[in-house]
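Q: Have a look at this one.
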Ligand SMILES: [Zn+2]
């Protein structure tokens, strides 16, 4: 990890990132939608926000423009959305709208996984059908595969059609599943700020590699 850090630090100092691209950091869920729940009782929405904040800081250090889809604990639904369902629909549409209002965006949706099978484990990236998503996913997966030897890295996969944002986004976009909150080992690791920071750092590295090698 230290060698990687020094290499990347030198890399960032000498290689300018692609100009004009803005990374949309999307912390999944937001009240009243908490997502799944970790074994320590923390809702997914809090893990996604913690990683988003760290990613925001690392990208800032690298000089990469970025914006968050939500800044607070709340989802980003309109005031006239009253039911849980209306709030969820409005929330997703507003996240999509941000991508349409952003020049040359790259969209990263941050989530944690869950399964009824407690042994299910691993990190997994899903790529959107939009142009550039697969290339971004490959770069990102390579960084995680080489830097998290004790974590199972599941194969890079196309995003399921049922995932609204991935289906609708027209920019390069990934759905990042950082681990299983239903798995005792992974849930405990995700509870640690240092581990979440590492995940955010690797995500920033993956993005940086993509943005500097796009052509
Ligand atoms: Zn989620």
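Q: Going by the structure shown, is residue 72 farther than 18 Å from residue 178 by Cβ, loosely packed, with under 12 Cβ neighbours inside 10 Å and modelled with pLDDT of 95 or more?
A: Numbers: farther than 18 Å from residue 178 by Cβ: yes; loosely packed, with under 12 Cβ neighbours inside 10 Å: yes; modelled with pLDDT of 95 or more: yes.
For residue 72, the condition - farther than 18 Å from residue 178 by Cβ, loosely packed, with under 12 Cβ neighbours inside 10 Å and modelled with pLDDT of 95 or more - is met.
Q: Now, a different point. Can you name the residue in the stretch 40-69 that is away from the ligand (no atom under 16 Å from the Cβ) and in a loop (DSSP other than H, G, I, E, B) and, of all such residues, is surrounded by the fewest Cβ atoms within 10 Å (Cβ to Cβ)?
A: 41
Q: Testing residue 104 on (1) modelled with pLDDT under 95; (2) closer than 26 Å to residue 22 by Cβ, one condition comes back false. Which one is that?
A: Of the numbered conditions (1) modelled with pLDDT under 95; (2) closer than 26 Å to residue 22 by Cβ, the odd one out for residue 104 is (1).
Q: Would you tally the residues in the stretch 19-37 being touching a residue at least 24 places away in the same chain (Cβ under 8 Å) and either away from the ligand (no atom under 16 Å from the Cβ) or surrounded by fewer than 22 Cβ atoms within 10 Å (Cβ to Cβ) (or both)? It would help to see each step written out before you state the result.
A: If we filter the stretch 19-37 for residues that are touching a residue at least 24 places away in the same chain (Cβ under 8 Å), which is where we start, we get 20-33, 35-37.
Then drop every residue that is not either away from the ligand (no atom under 16 Å from the Cβ) or surrounded by fewer than 22 Cβ atoms within 10 Å (Cβ to Cβ) (or both), which leaves 20-24, 31-33, 35-37.
The number of residues fulfilling the criteria is 11.
Q: Quick one: would you say residue 184 is modelled with pLDDT under 95 and out of contact with any helix residue (DSSP H, G or I) (no Cβ under 9 Å at 6 or more places or on another chain)? First the steps, then the outcome.
A: Details: modelled with pLDDT under 95: no; out of contact with any helix residue (DSSP H, G or I) (no Cβ under 9 Å at 6 or more places or on another chain): yes.
Criteria not met by residue 184.
Q: Of everything in the stretch 98-129, what is crowded, with 24+ Cβ neighbours inside 10 Å and in a loop (DSSP other than H, G, I, E, B)? Give them in sequence order.
A: The answer is 128, and nothing else.
Q: Out of all the residues in the stretch 117-143, which are within 16 Å of the ligand (Cβ to nearest atom) and over 14 Å from the mean Cα position of the chain (by Cα)?
A: Of the residues in the stretch 117-143, the ones within 16 Å of the ligand (Cβ to nearest atom) are 120, 122-126, 128.
Result: 120, 122.
Q: Scan the stretch 66-121 residue by residue and report those that are in contact with a helix residue (DSSP H, G or I) (Cβ under 7 Å, 6 or more places away or on another chain) and free of Cβ contacts under 8 Å to residues at least 12 places away in the same chain.
A: Listed by number, the list holds a single entry, 81.
The values are calculated or read from the model by the stated rules, or taken from the named source; none is laboratory data. Predicted model, so just to flag it, every value in this text is computed and none were measured. So basically every Cβ, Gly included, is an ideal-geometry build from the backbone, and we count neighbours across all protein chains shown.
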